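Notes follow the structure.
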Amino acid sequence: MIKPLIAPSLLAADFANLQRDLDLINRSEADYLHFDVMDGVFVPNISFGFPLLKAVHEHCQKPLDVHLMITDPDRYLEAFAEGGASIIHVHYEACPHLHRTLSRIRELGCQAGVALNPHTPVAGLIDVLEQIDVILIMSVNPGFGGQAFIPHTIQKIAGLKQFLLANQCSALIEVDGGVSLSNAQSLLNAGADMLVAGSSVFNAPDPSVAITQLKNSHLP
Ligand code: DX5
Ligand code: ZN
């Protein structure tokens, strides 16, 4: 099994010591930095937006994995692409014209990601598989860091992997919410390619060691 991609979530960083935490990420084995945007409407919390994206883009050497937990994301795709996003995830539940939205993300030069809430079945993606680069499976209800992992996610990922294979789709499977060393190996065995981790990285005694451990969690 190849090593998973690891995306520490900025939401769990210390914003009073952001330069320190970004330096830490830069020196670590992280593959991406996950950037959670919450609007207080699609999810019951507000996080951060463009001013922080600008600062992070200037100081972070890792590509940015931008997770838009916002209604009507089409309004802001261009701004997030210009702000330095490498991957832009929109929520399936927030996009009435998902085919158009995903196509637009690619036109803007980014990878197109679609996030699914825990209750959203994967089958709804069947007619947009060609437009998707990454599928972000939410393993918590989005809106807050530090929540408990929903165990059913393992089965959902295994089902998604079969679904992608059956449809010759090479989209990556990313998992977000409550990911830690205790569930990483099961997630990878089920078919996950990329792990987002907030509190399990930044609350660890040494976050860069935690990132390396996640990176090697495919090993028995
Ligand atoms: C939750 C966010 C996650 C969050 C993960 O709505 O989308 O990216 O930062 O944090 P942990 O790893 O602490 O669950
Ligand atoms: Zn996220």
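With a cap of 16 neighbouring Cβ atoms within 10 Å, and only residues DSSP puts in a loop, list the chymotrypsin sites (Phe, Trp or Tyr not before Pro) found in the stretch 1-93.
Taking the stretch 1-93 and a limit of 16 other Cβ atoms within 10 Å, the loop chymotrypsin sites (Phe, Trp or Tyr not before Pro) found are PHE48.
Considering amide H positions built from the backbone, and no H for Pro or chain starts, which residues 5 or more places from HIS89, or on another chain, come under 5 Å of its amide H?
The list, which skips near neighbours in sequence, is VAL66, HIS67, LEU68, GLY113.
How many angstrom separate the Cα center of the stretch 116-172 from the Cα center of the stretch 177-209?
17 Å
State the volume of the convex hull built on the alpha-carbon positions of the chain, expressed per residue in Å³ and rounded to an integer.
Per residue, the Cα convex hull of the chain comes to 112 Å³.
Quick check: residue separation of GLU107 and GLN185 times 0.36 nm, minus the Cα distance between them. What number comes out in nm?
Between GLU107 and GLN185, full extension yields an extra 24.6 nm.
Determine which residues of the stretch 102-145 fall in the zone a paramagnetic label at LEU52 would reach in this model, i.e. backbone nitrogen under 11 Å from the point 7 Å along Cα→Cβ.
Residues passing the 11 Å test: 145.
Could you compute how fast the stretch 37-140 diffuses translationally, taking Rh as the Kirkwood radius over C-alpha pairs and applying Stokes-Einstein at 37 °C with viscosity 0.692 mPa s? Give it in µm² per second.
Details: Rh = 13.8 Å.
Reported coefficient: 237 µm²/s.
If you place +1 on the Cβ of every Lys and Arg, -1 on the Cβ of every Asp and Glu, and leave all else neutral, what size is the dipole of the stretch 84-205 about its Cα centre, to the nearest 20 Debye?
Using only the charged Cβ atoms, the result is roughly 80 debye.
With a Förster radius of 30 Å, plug the Cβ-Cβ distance of SER208 and GLN162 into 1/(1 + (r/R0)^6) and report the FRET value to the nearest 0.05. Present the calculation step by step, with values, prior to reporting the outcome.
Details: r = 35 Å, r/R0 = 1.16.
The formula returns an efficiency of 0.30 here.
Tell me what the chain gives for mean residue ellipticity at 222 nm when only DSSP H runs of n ≥ 4 count, each as -39,500 (n - 2.57), the sum divided by the residue total, rounded to 500 deg cm²/dmol.
My calculation for the chain gives -9500 deg cm²/dmol from helical runs alone.
Suppose R0 equals 41 Å; then what is the FRET efficiency for HIS97 and GLN19 from their Cβ-Cβ distance, rounded to the nearest 0.05?
It comes out at approximately 0.55.
Calculate the dipole size of the chain relative to its Cα centre from +1 charges on Lys and Arg beta carbons and -1 charges on Asp and Glu beta carbons; express the result in debye to the nearest 20.
Once rounded to the nearest 20, the dipole reads 360 debye.
Each value in this text was obtained by applying a stated rule to the coordinates, not by laboratory testing. Remember, it's a predicted structure, so these values are computed and weren't measured experimentally. Every residue, glycine among them, receives a Cβ derived from its backbone with ideal geometry; neighbour counts consider all protein chains shown.
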